[in-house]
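Shown next, in structure tokens, is the structure this report addresses.
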Amino acid sequence: MGHEAFQRAALVFTLFDTNGNGVIDEADFDLMTERLLLVAEDSPAADRQALADSLSGYWKVLSETLDTNGDGLINPQDFRGFVLNTELFGATAAVFAEALAVLGDPDGDGLIERPRFLDLMTAIGFETPNIHSLFDAFGPDAEDRITVRVWADGIRDYYSPEKSGIPGDHLVPDSF
Ligand SMILES: [Ca+2]
Ligand SMILES: [Ca+2]
Ligand SMILES: [Ca+2]
């Protein structure tokens with residue numbers, strides 16, 4: 001796994017540690033779900049449910065594979081092992097990627113406007129300048145929109161250990 005992928009993985013850990021106590025547990029996923037659904041109040045109920053399901057599924061995979069001592073907590077060392085398991089990590093991330101990208105498109109026209117993208121990514125915990133850089137790297141159209149497909153693919157790439165020099169690298173702060 002390249003340096004960029006390690007940095008992206010480390011950033012994912014800090015983001016999923018939503019309450020910032022240094023470990024990931026189920027409460028972090030509940031909080032992340034709550035924050036995203038608050039942004040996506042106008043999305044169809046099925047899309048909102050899909051997001052909630054994808055995050056609870058994510059937690060289920062994490063806890064079943066990484067919480068070896070069964071205390072309900074996952075530390076950064078545990079998490080690194082998961083990220084190296086590309087098959088498991090990729091499949092889990094792909095479900096989340098689809099569900100998250102769809103929340104960017106409440107009217108279902110396949111396009112995501114920048115403010116919505118900013119709100120969702122802010123809810124996850126990314127920094128504003130990094131979010132704008134990422135959106136720009138996705139090549140928005142003349143009306144400053146990207147497609148759901150481009151974003152979903154971008155999220156999957158973000159989680160792919162073999163990828164480097166991708167738009168998602170814009171999410172890793174220079175100081176990270
Ligand atoms: Ca936590
Ligand atoms: Ca544990
Ligand atoms: Ca739309």
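Where a number appears in this text, it was derived from the coordinates with a stated rule and is not lab data. Not measured: the values here are computed from a predicted model. With ideal geometry, Cβ positions are generated from the backbone for all residues, glycine too; neighbour counts draw on all protein chains shown.
For this structure, a couple of remarks:
- Shape analysis of the stretch 3-167 yields a ratio of the Cα radius of gyration to the Kirkwood radius, Rg/Rh, of 0.95.
- For the stretch 23-54 versus the stretch 81-137, the gap between their alpha-carbon centres in whole angstrom: 13 Å
- Gained length - ASP144 relative to ASN21, 0.36 nm times residue gap less alpha-carbon distance: 40.6 nm
- In the chain, the longest principal axis of the Cα atoms and the axis of helix 128-137 are about 60 degrees apart.
- Spin-label pair ASP30-ALA137: with each label point 7 Å from Cα along the Cα-Cβ axis, the two points sit 3.4 nm from one another.
- Helix-only mean residue ellipticity at 222 nm for the chain, each DSSP H run of n ≥ 4 adding -39500 (n - 2.57), per residue, nearest 500: -20000 deg cm²/dmol
- If you plug the beta carbon distance of LEU118 and ALA10 into 1/(1 + (r/R0)^6) with R0 = 30 Å, you get a FRET efficiency near 0.85.
- Karplus-derived 3J(HN,Hα), 6.51/-1.76/1.60, for each residue of the stretch 28-35, Hz, glycine and proline x: 4, 5, 4, 5, 4, 4, 4, 5
- Taking the C-alpha atoms only, the angle from helix 86-103 to the longest principal axis of the chain is near 40 degrees.
- Paramagnetic label zone (point 7 Å from Cα along Cα-to-C-beta, ALA46; backbone N under 19 Å) in the stretch 77-112: 95-111
- Rounded to 10°, Cα long-axis angle of helix 148-158 versus longest principal axis of the chain: 30 degrees
- Unit charges at the beta carbon, dipole of the chain: most positive-side option, GLY20, ALA45, THR33: GLY20
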